[in-house]
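K.L.:
Starting off with a structure, shown below.
The values are calculated or read from the model by the stated rules, or taken from the named source; none is laboratory data. No experiment lies behind these values; they were computed from the predicted model shown. Methodologically, a virtual Cβ is constructed for each residue, glycine included, from the backbone with ideal geometry; neighbour enumeration extends over all protein chains shown.
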Amino acid sequence: MILKGLKRNALKKGIESYVSKRNPQARQVAKIENLAVLIDASQSVNILSVVKLANELGVKSDCLKVMGYKEDQKEISDDKDAAYYNDKSFGMRGLIKSNSLNKFINQEFDVLINFYSVSKLELDYVAVASKAKFKVGFAEIDHRINDLVIGSSGQDINLFISELKKYLKILQII
């Protein structure tokens, strides 16, 4: 129990550190070539809706990377559609132990969509640590993490997609 508390405190400090260093004006996206989606896999998220979102944005399915967080899983296995991580993917000091998660964070995506509406430390840490050029998320999540915040609920996926497309067109990204 104490170890879990130490890990959570390390993640909180890591989030604050990344947020304080973040400069959202530094990088601009001209066009979406590759897309990353971070999901809360403990909620019911349809991977097909994520693929639909990528198609709506003009991103090929081979340029789409989905990473999911599974809260109560003992073992995590990746499948063809997505990679997953859990609490055990983080070490005592908040360092990442999972190779697939490390690869996801360090890859420079054009856009990262934080497709979760309930804030969890493990999701927020990956979202803020990601080297994505432009980050999009729901309004319920810490506003300092995302460059664009969309005020739709996590349940109405079609509204989220239409709002995202509208704002990305305004910003001349798609």
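K.L.:
Quick check on my filter: what residues within region 23-41 are modelled with pLDDT under 80 and surrounded by 12 or more Cβ atoms within 10 Å (Cβ to Cβ)?
P.N.:
Hits for region 23-41 are Pro24, Arg27, Val29.
K.L.:
I've got another one for you. Being part of a loop (DSSP other than H, G, I, E, B), over 19 Å from Phe138 (Cβ atoms) and of a type in the set (Gly, Ala, Ser) is the requirement here; does Ala10 meet it?
P.N.:
no
K.L.:
Of the conditions (1) touching a residue at least 12 places away in the same chain (Cβ under 8 Å); (2) not in a loop (DSSP other than H, G, I, E, B), Val45 satisfies every one except a single condition; which number is it?
P.N.:
Tallying (1) touching a residue at least 12 places away in the same chain (Cβ under 8 Å); (2) not in a loop (DSSP other than H, G, I, E, B), Val45 fails exactly one: (2).
K.L.:
Which one of these does Val59 not meet: (1) out of contact with any Asp or Glu (no Cβ under 8 Å at 6 or more places or on another chain); (2) more than 30 Å from Ser17 (Cβ to Cβ)?
P.N.:
(1)
K.L.:
Now, a different point. Taking the stated definitions as given, is Ile141 farther than 28 Å from Lys88 by Cβ and surrounded by 15 or more Cβ atoms within 10 Å (Cβ to Cβ)?
P.N.:
Spelling it out, it is not the case that Ile141 is farther than 28 Å from Lys88 by Cβ and surrounded by 15 or more Cβ atoms within 10 Å (Cβ to Cβ).
K.L.:
Could you list all residues from region 13-42 that are under 27 Å from Glu71 (Cα atoms), assigned to a loop (DSSP other than H, G, I, E, B) and in contact with a strand residue (DSSP E or B) (Cβ under 6 Å, 6 or more places away or on another chain)?
P.N.:
Residue satisfying the conditions is Ala41 alone.
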